[in-house]
Amino acid sequence: MVPSSEMLGIDSTEEAFLKKGDPEGAAEFNVQTWVVGPYRQPGEVPSTLRQRVKEMQLRNYAVPSPIGAESIPLEPRAITRLEKIVVPTLILIGDKDVPFFQSLSAIAANRIPNAKRNIIPDVAHMISMEKPEIFNRILVSFVADK
């Protein structure tokens, strides 16, 4: 699956903040995108979680990239090989996550043999941080069944 215009926009917006020397703005943008998500307002997400993710992002931005590091795309692309996955696969997606990941999770669930997809209500992308009890319960149950 080719990244959507939505995802390209997210990446370019973050990159624009960083290029102009505004890691705070980039971190806030990340919190809005991945923690709050497109279907909620910041006040609907605990401020402690928003702050924790912002601090994590700021630490990530402070780590320099290795000289000469580059992103090398997989060939063939992983999305073209999902049917080859033979291990039990659990796909978790928050119902407030960005549409691209909603679509991607559905594609993966349909194409990976015996995949199990759980849609977690009232959470965006950071399921394990925002709803750790639900995340852990689903994960433990999945592993115990295998």
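The values are calculated or read from the model by the stated rules, or taken from the named source; none is laboratory data. Quick caveat: nothing in here was measured; it's all calculated off a predicted structure. Neighbour counts run over all protein chains shown; Cβ positions are idealised from the backbone, glycine included.
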- Note on the structure: If you go through ALA69, ALA109, ALA78, the only one that is of a type in the set (Gly, Ala, Ser) and at pLDDT 95 or above is ALA109
- Taking region 84-94 only, how many residues are without any contact (Cβ under 8 Å) to a residue 40 or more places away in the chain and either part of a loop (DSSP other than H, G, I, E, B) or surrounded by 15 or more Cβ atoms within 10 Å (Cβ to Cβ) (or both)? 6
- Message: Condition first: closer than 27 Å to LYS19 by Cβ and outside any helix (DSSP H, G or I). Now tell me which residues in region 43-64 satisfy that.
- Response: VAL63, PRO64
- Which listed residue, of LEU49, LEU58, LEU92, is assigned by TED's automatic domain parsing to the domain that holds ILE119 and either among the β-branched types (Val, Ile, Thr) or at pLDDT 95 or above (or both): LEU92
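So that you can scan it fast, the table gives a plain yes or no per residue for (1) outside any helix (DSSP H, G or I); (2) touching a Gly at 6+ places or on another chain (Cβ under 7 Å); (3) in contact (Cβ under 8 Å) with a residue 12 or more places away in the chain; (4) not aliphatic (A, V, I, L, M):
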residue	(1), (2), (3), (4)
PRO73	yes, no, no, yes
PRO76	yes, no, no, yes
LEU82	no, no, yes, no
ASP97	yes, yes, yes, yes
SER103	no, no, yes, yes
ARG117	yes, no, yes, yes
- Taking into account only those residues within region 38-62 that are within 18 Å of LYS131 (Cα to Cα) and polar (S, T, N, Q), which is surrounded by the most Cβ atoms within 10 Å (Cβ to Cβ)? GLN51
- Note on the structure: Only one of ALA144, ALA124, ALA115 is of a type in the set (Gly, Ala, Ser) and within 23 Å of PRO38 (Cβ to Cβ), namely ALA124
- Note on the structure: Sole miss for ASP22 among (1) at pLDDT 95 or above; (2) surrounded by fewer than 11 Cβ atoms within 10 Å (Cβ to Cβ); (3) farther than 19 Å from VAL98 by Cβ is condition (2)
